Each structure stands twice: as structure tokens, then as C-alpha cells.
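The structure appears below as C-alpha cells.
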Amino acid sequence: MAQAAMADVTLAAPRRVLRVRADAWRTPVTVLLATVAVASLWFVGFGRVLSGVEAHRAQANLRDAFRAQLATGEAPAGNKPVVRGAPVAQVTVAALGLRDAIVVEGTTSAELARAVGHRRDTVLPGEEGTSVLLGRSTLFDAAFAGLSKLLGQPISVTTGEGTFRYRVDRVRRAGERTSPPLKVGQGRLTMISSERVPGSYSLRAVYADATLIGTPAPPSVGRPTSVLTADETMRGDPRALLTVLLWLEAMIVAAAGIVAMRARWRSTPLLLVASPVMLALLWGAMDAAARLLPNVY
């Protein structure tokens, strides 16, 4: 009997060790999985709702600034230099639900988080030649969602040089033949966004070419002849990676502070203080992370 008891004790000891080791692994793995799940849900919520709120707020501020510039004759036109991020036009596309949506100079992810972007190495809308606009299809209010359905639809653009009207005469995808070259005295507006490839989760660029109806304004001079890589279609902005890392570091510091305060504060006041802080940090991190994605997404 004594030998049997000793045998049971001998077998039980390794089992306890294995159980302790399993418990030691279970907690961090659970925390990691929970963190990934919460972060994923937060990113979806940010993309579908909060990024739109951010874009609406930016549009309201830009619209006020541009209307003031139109009233005083200071809106970009002709040979006036245009600063990156400045409003250059407002566009109305009834088929997309856009009415006087502001267009800003530049097409990086940062600019397209605020508004439709004008590619800097093309003429301004309404001028002779081809003007190129980029807009998002999913995040930040998705101004150009449904771009592929614009064939035959009218477009109105207002700049410091007046109001110009276009009609979409072609919709094409990446890799398809481009529209024929313009003749002297003609104007074109090419709008670019993205769409999912049918039967796949991958993205492709979609283009809507619209011909100017009427006489264009003379083309601007002194426009940039090239753009940054981050300005090109379907490009993210790698410069945002450092910003993401800084936000994550701030979240780690804040989390450590909350853990330290837990021993001194009651749950309710700690929750009231910690929640808005972590929400702001999460918002900043997701906003920066979204700029790593393709600029027309």
C-alpha cells in the first residue's frame, strides 16, 4: 500500500508541473488573442464609422475656407502657386451623392483622408488638358464609392476660374486601353478610385474619364512635373509607419500607468479617466495605420 501511494505521488508531481506550465501559457495567450480581436473590431469600426466622422469634420472646415477664398478672389487659379493640402475646387456628382465636395491639392493617403485629392502634376479642373482626381472607395467617407457606375453621368466642378461641366464618357479598369489623346482646346477630368476584383479580396484601380463641355480655361503654368511615390494611385504612405509606432508606444505607457493607478484608485473613477485616454490613443493609432493602406481604398 505504501509503495502504491508513493507511486501515485510520484506520478501526480509531473502532472501538477504540466498543469502549472499550461496555466502560465494560457493567460498571456488569452490576453494576446483578446487584444488582436479587440484591435480588429476597432479597426473595422474606425473604417466604417469613425473615419467618416473625421472626413465630415475636415470637409466642413475646408468648405468654409474655400468659399471664403472664392468670395475674395484668392482661390487657386491660373499661375497662382498651390500649397499641398490646400482646397483647389469643389465637385458635385449627383450619382455619387456628392454636392460641393472639396478637392485638395495632393493625393497621398493623408490628403485623401480629408477630401478628394488633385494630382499635382496635372492641370487644375476646368483647364485645357487632363486633370486627375483621386478619391477613396471605402474609408474616410468613401467619396468615390460607386465610381464604376458613372457612365453618362454629369459632373460639375467649381474653381477660382469658374464653374465647369463634364460628362463621363468612359469607365475603365487598370490595364485596359486608355482614352484617346485630347485635341487642342479640349479638357478632360479623370477620376480614380478602387474596387474589389470579382471573386477576390484584392483591389484594382477603376477610372472614369469625363469630357469637358464647353471652352476650357488656359492651362496653369509652373505645375510640378512629377509627384511623390505616395501620391501615385494605389499607394500607401510608408512615412505613417513611424507615427503608428509612436501611437503604440503611447498606448503602452498609458496602459502601464493605468495598471499602476489601479492599486490606488477605485474602479469607477479609474474607468472614467482611462477610457477617453485610451479611446483617443486608439483613434490616433488607427488613423495613422489607415494611411499605410492604398490611398484610394
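Relative to the current alpha-carbon distance between residue 74 and residue 179, full extension at 0.36 nm per residue lengthens the span by 34.4 nm. Residue ranges 281-291, 213-223, 110-120 sort as 110-120, 281-291, 213-223 when ordered by packing (mean number of other C-beta atoms within 10 Å per residue, highest first). Counted residue by residue at 0.36 nm each, then reduced by the alpha carbon distance between them, the extension gain from residue 165 to residue 92 reaches 25.3 nm. Taking label points 7 Å from Cα along the Cα-to-Cβ direction, residue 256 and residue 83 give a separation of 3.8 nm. Each part reduced to its alpha carbon centroid, the stretch 203-255 and the stretch 113-144 end up 9 Å apart.
A simple charge model with +1 on the Cβ of Lys and Arg, -1 on the Cβ of Asp and Glu and nothing else charged puts the dipole of the stretch 112-172 at about 280 debye relative to its Cα centre.
Which residues in the stretch 269-291 have a backbone N closer than 14 Å to a point placed 7 Å from the Cα of residue 49 along the Cα-to-Cβ line? Under cut-off, by backbone N: 283.
Accessible surface computed residue by residue for the stretch 164-297, with neighbouring protein chains in place and a 1.4 Å probe, gives 61 Å² per residue.
Using a Förster distance of 30 angstrom, determine the FRET efficiency expected from the C-beta separation of residue 248 and residue 204, and round it to 0.05.
Working: r = 31 Å, r/R0 = 1.04.
The pair residue 248/residue 204 has a calculated efficiency of 0.45.
Any idea which of 179, 191, 206 is furthest toward the positive side of the dipole for the stretch 166-207, if Lys and Arg beta-carbons carry +1 and Asp and Glu beta-carbons -1? Going by the Cα projections, it comes out as 179. Size of the stretch 192-239 from its Cα atoms: along the principal axes, largest to smallest, the extents are 43, 32, 11 Å. Entry for the stretch 151-286 at q = 0.16, 0.20 Å⁻¹: log10 I(q)/I(0) = -0.97, -1.23, Debye formula applied to identical alpha-carbon scatterers, no solvent contribution.
The simple spin-label model puts a point 7 Å past each Cα toward its Cβ; for residue 172 and residue 277 those points are separated by 5.5 nm.
The values are calculated or read from the model by the stated rules, or taken from the named source; none is laboratory data. Nothing here was measured: the structure is a model prediction, and the numbers come from that model. Reconstructed Cβ throughout: ideal geometry from the backbone, glycine too, with neighbour counts over all protein chains shown. Calculation scope for accessible area: heavy atoms of the full protein, side chains included, ligands and nucleic acids excluded. Shrake-Rupley method; radii C 1.70, N 1.55, O 1.52, S 1.80 Å.
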